Amino acid sequence: MIEPRAHAVKGGTPTLRIRDLSIEFSRRRGDDLRVVDRVSLDIWPNEIVGVIGESGSGKTLTSLSAMRLLPKRARIVQGTMYLDGTSLHDRTERQMRELRGDRIALIPQDAMQSLNPTLRIGRQVGEPLELHSGLSVAAAREAARKLLQSVHIRQPEQRVQEFPHEFSGGMQQRAMIAMGLALNPQLIIADEPTTALDVTVQAQVLRLLREIRDDKGTSILFITHDLGVVAELCDWVYVMRYGRIVEEGPMRRIFTEPRHDYTRMLLDATPSIRDVRKVQV
Amino acid sequence: MSRDKIVLDGLSKVFQQRRFFRASDGLVAVSDVSLSVPSGQTLGIVGESGSGKSTLLRMILGLIRPTSGTILIDGQDVARMPRHDEKDFRRKVQPIFQNPASSFNPRQTIGAILRAPLEVHGIGDRHSRRDRVVALLEQVGLPADYAKRHPHQLSGGQKQRVAIARAVILKPSIVLADEPTSALDVSVQAQILDLFRRTREEMGLTSIFVSHNLAVIRQVSDTVAVMRLGRVVEAGRVDDIFSNPQNEYTRALIDAVPDHAAVINRPERIATT
Amino acid sequence: MIQVMNGFDWRRWRLVLTGGTIIGIILICAIFAPWIAPYSPYDLDVVAMLQPPSAAHPLGTDELGRDILSRIIHAARISMQVAFIAASVGLVFGTLIGVVAAYFGGIVDLVLMRLMELLFSFPAILLAVVLMASLGTSILNAMIAIGIVFIPGFSRLARAATVVVLREQYVESARAIGMGHGRIVFREILPNILAPLLVEAAVAFSYAILLESALSFLGLGAQPPEPSWGNMLNTGRGFMAQAPWLSIVPGAAIFLSVLGFNLIGDGLRDLLDPHMKE
């Protein structure tokens, strides 16, 4: 039994709906490897959904498939995906490209690797606007300044002129978020966006994401291995293991009354700074 | 009165202009750190990136030379150690490093990796070394035939088990661990922490455990030192620091940690829809 | 997934085996030249000058009536010797310099690498010619000169690879257990930088053959009547129109040996990657 969902709109459509998604990896030797197995998930407007799992759980592939950015060897063998009620399945690559950045934005784990070291921050943050809205370089630069401001980067006038290496890790990640926000997407997919960051910086980034949801009603799909981050941020949680969703539910319930053994194991294995109870094996 | 096993006094490290460091005028990595670890206890060193925690550990390991200050191990000044004592020191103090992927020579078998410390120190003969390797693999929960495998055939957790085995094969009295679980999944991390604790207790080890993860530090440490920008901002018994932090930075650090256990005690947030 | 290696994986070895077969045949020719060659490489036969391939002389004869097949087989001795000795000189000294520079760093690194750059800044053939001029013309000196030409390349490669390996934690671990410099270099560093160096060595083999040919072509390598692929090519140049086989045959020999060594090099690069041993 799945409990009622606070963000679900009666008769409305979810921002993203995935049904029975299976993904297989082709291998040189042996059969294809099923890495995502009949996964169904919903993200409603204004909702932050957490997908939690350890390495190899298929959480990243599931989320990348919504943007159709799967690695070459992976292929979707079954399932349907709807963005705001319209099917993503029969879209051409060109149509998908229009969606990316415009209606779905991706915030990757490693901002430093995702930013082009040879381009100024302003140019990069404004790039989605140049590509999708046909803004001039100067107008995009001005928009970039505002975007940097909106993610709380101080002195944005000067910062747009700087290169990625002049930014700290937290600022790079915020610049990536600013880039993601450029076109006011309906859905932000954040793949472990804080894993490489220090905790104090992570706290700022999480606060920023919550603020974006509160201000704009953006749906956020947050992929992580960190239970603490889920507890801090998410409304609804999917727990994944070996390509399957083993449990879903409202965040609070998942933590207070986990139903699946694996969820319980994860909770027991994760050390807490407040709880002196020792971790269990 | 228990004598302190490790005593650090006014330890500093300034990196001078070198090829691999961007700072042109000395980068202060560690500044005036004084700490001590009583025998059999574990000191946790926690800090964010750039706090100098790994540099501090490398100085204690003798891998880099402090710019000033002293390191006393069993009352002996490490810097003024006579050459013939250095081998003893190496035997006594063993590291466990962070990255399971690069901790081992990819061209050697696990057996060869574990035998190396015994060979370097001329302990035992072929037979006894092999027996010791098998015994240690068993101690860290790996089958004996893993000695024939190469590092890339092992999972991250298994590699860290081997790292622990290598660290204790010389029967050291001190083990220094640098983020040994940060590359692992939580379920594996829990097992490795458990193994670390068990090994420490069975062998009566004194240890220093460096991590950016406050929760992990809380699990394994008796005392904790919080570092920031090369300095120790606060140190004390682990429970005191975590339940009643005095320093502002420590407090901010603890508050910033997203904690799943806190959910249970937190009043429900009202959904914004 | 860990799979048990069952049997011999032909596909992974095919490059090395193909290259090895070519080089193997050339080596056998070189070693057993006096027994394999149908004629003496030096015997003149004035009535049979510049003859095209025939039953008596399968690859024809040169301008002095010498059997080209026999000369090619004998020339393989010199070419192979040059290849092995020159590449070994380059490999051993280059690796030594590169590892020492990276391992000790600082001033040692600075001085050694600037010296290497000095050597590197000369075109290879010019450097070899200058060295030959100062060492004197002989085939042994040609080998040494070509070897010296290779040193900077090997030393840079060894230095770069060592710098990478030095950053690995296992080197730090080795220091932490009290391992000495020698053992660290031989046990931890060398095995891990060997792969790119061996690949480079295979390329150096083929390059050495080309360089020796070039030196012989210039009259600085093997001295007539001693046959080498280079001086045979040089001679053939004069008879390109009348007797093309004079240049085609040594050219083909050079091509085959270069191909063989390059195949070995490519194959080794794939085989020696420890992560591909699955």
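Here are the numbers for the structure shown:
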quantity: Net dipole in debye of chain C [+1 Lys, Arg Cβ; -1 Asp, Glu Cβ; about Cα centre; nearest 20]; calculated: 500
quantity: 5 angstrom amide H check on B:Gly52, placed H, neighbours 5+ away; calculated: B:Gly230
quantity: Estimated buried accessible area (total), pair B and C, 1.4 Å, Å² to nearest 100; calculated: 2500
quantity: Cα-centre dipole for the protein assembly as shown with unit charges at Cβ (Lys and Arg positive, Asp and Glu negative), debye to 20; calculated: 560
quantity: Length-normalised contact order for chain A - Cα pairs under 8 Å, 6+ apart - percent; calculated: 25
quantity: Length-normalised contact order for the stretch B:156-266 - Cα pairs under 8 Å, 6+ apart - percent; calculated: 18
quantity: Unit charges at the beta carbon, dipole of the stretch B:4-265: most positive-side option, B:Val7, B:Ala235, B:Gln219; calculated: B:Val7
quantity: For the protein assembly as shown, accessible area per residue (1.4 Å probe, heavy atoms of protein chains only), Å²; calculated: 46
quantity: Fraction in percent of alpha-carbon pairs per bin - 5 Å, chain B; calculated: 1, 5, 12, 15, 17, 16, 14, 10, 6, 3, 1, 1, 0, 0, 0
quantity: Separation in nanometres of the label points that stand 7 Å from Cα toward Cβ, at A:Gln161 and A:Asp215; calculated: 2.5
quantity: Cleavage-rule hits (trypsin sites (Lys or Arg not before Pro)) in the stretch A:69-153: DSSP loop, at most 13 neighbouring Cβ within 10 angstrom; calculated: A:Lys72, A:Arg73
quantity: Globularity ratio of chain A, using Cα Rg and 2.2 N^0.38 Å; calculated: 1.02
quantity: Unit charges at the beta carbon, dipole of the stretch C:77-276: most positive-side option, C:Gly94, C:Ser173, C:Ser247; calculated: C:Gly94
quantity: Rounded percent of accessible protein surface that carbon and sulfur make up, chain A, 1.4 Å probe; calculated: 48
quantity: Of C:Ala195, C:Ala87, C:Ala75, the one that fluctuates the most in a GNM where chain C has Cα springs shorter than 10 Å; calculated: C:Ala195
quantity: Solvent-accessible surface (1.4 angstrom probe) belonging to B:His152, in square angstrom, nearest 10; calculated: 60
quantity: Solvent exposure, largest accessible area first (probe 1.4 Å, DNA, RNA and ligands not counted), of B:Asp4, B:Asp178; calculated: B:Asp4, B:Asp178
quantity: Tensor-based shape of the stretch A:155-248 (alpha-carbon gyration tensor, a/c under 1.5 rounded, otherwise prolate or oblate); calculated: prolate
quantity: Which of B:Ser34, C:Ser121 is most accessible, then next, and so on - probe 1.4 Å; calculated: C:Ser121, B:Ser34
quantity: Net charge, C:Gly251 excluded, C-beta distance under 15 Å - Lys, Arg +1, Asp, Glu -1; calculated: 0
quantity: Cα-based Rg of chain C normalised by 2.2 N^0.38 Å, two decimals; calculated: 1.19
quantity: Counting DSSP beta bridges with both ends in the stretch B:4-265, the antiparallel % (nearest 5); calculated: 50
quantity: Amide H partners (placed H, <5 Å) of A:Met240, local residues excluded; calculated: A:Ile52, A:Gly53, A:Val246
quantity: C:Asp62 accessible area, 1.4 Å probe, all protein chains in place, Å² to nearest 10; calculated: 10
quantity: Cα convex hull of the protein assembly as shown, projected area averaged across orientations, nm²; calculated: 45.1
quantity: Local net charge near C:Ala56, Cβ-Cβ under 12 Å (Lys/Arg +1, Asp/Glu -1); calculated: -2
quantity: Over chain B, relative contact order from alpha-carbon pairs under 8 Å, at least 6 apart, %; calculated: 24
quantity: Built amide H within the under 5 Å cut-off of A:Asp37, gap 5+; calculated: A:Ile23, A:Arg244
quantity: From phi via Karplus (6.51, -1.76, 1.60), per-residue ³J(HN,Hα) for the stretch B:35-46 in Hz, x at Gly/Pro; calculated: 8, 9, 10, x, 4, x, 9, 10, 9, x, 10, 10
quantity: Of all DSSP beta bridges in the protein assembly as shown, antiparallel share, percent nearest 5; calculated: 55
quantity: At most 12 other Cβ within 10 Å, DSSP loop - trypsin sites (Lys or Arg not before Pro), the stretch C:144-216; calculated: C:Arg167
quantity: For the stretch C:119-278, alpha-carbon Rg over 2.2 N^0.38 Å; calculated: 1.34
quantity: Derived scalar couplings ³J(HN,Hα) [the stretch B:228-241; Karplus, 6.51 cos²θ - 1.76 cosθ + 1.60; whole Hz; x for Gly, Pro]; calculated: 8, 6, x, 10, 8, 8, 7, 8, x, 5, 4, 5, 4, 4
quantity: Nearest-0.05 FRET efficiency for A:Ser55 and A:Thr92, computed from C-beta distance (R0 25 Å); calculated: 0.15
quantity: Cα long-axis angle, helix A:137-150 against chain A (0 to 90 degrees, to the nearest 10); calculated: 50
quantity: A versus B: buried accessible surface, summed, Å² (probe 1.4 Å, to nearest 100); calculated: 3500
quantity: Separation between Cα centres of the stretch C:101-180 and the stretch C:233-262, rounded to whole Å; calculated: 33
quantity: Cβ-placed point charges (K, R +1; D, E -1), dipole of chain A about Cα centre in debye, nearest 20; calculated: 360
quantity: Interface residues in the stretch B:166-214 - accessible area drops by 40 Å² or more relative to the isolated chain, probe 1.4 Å; calculated: B:Asp185, B:Val186, B:Ser187, B:Ala190
quantity: Solvent exposure, largest accessible area first (probe 1.4 Å, DNA, RNA and ligands not counted), of A:Cys234, C:Cys29; calculated: C:Cys29, A:Cys234
quantity: Surface accessible to a 1.4 Å probe, A:Asp102 within the full protein complex, Å²; calculated: 50
quantity: Per-residue mean of C-beta atoms belonging to partner chains within 10 Å, peptide A:264-271; calculated: 6
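The values are calculated or read from the model by the stated rules, or taken from the named source; none is laboratory data. Worth saying up front: this structure is predicted, and the values here are computed from it rather than measured. Cβ coordinates were reconstructed from backbone atoms using ideal geometry, including for glycine residues, and neighbour counts include every protein chain displayed. SASA here: full protein model, heavy atoms, side chains in, ligands and nucleic acids out. Shrake-Rupley method; radii C 1.70, N 1.55, O 1.52, S 1.80 Å.
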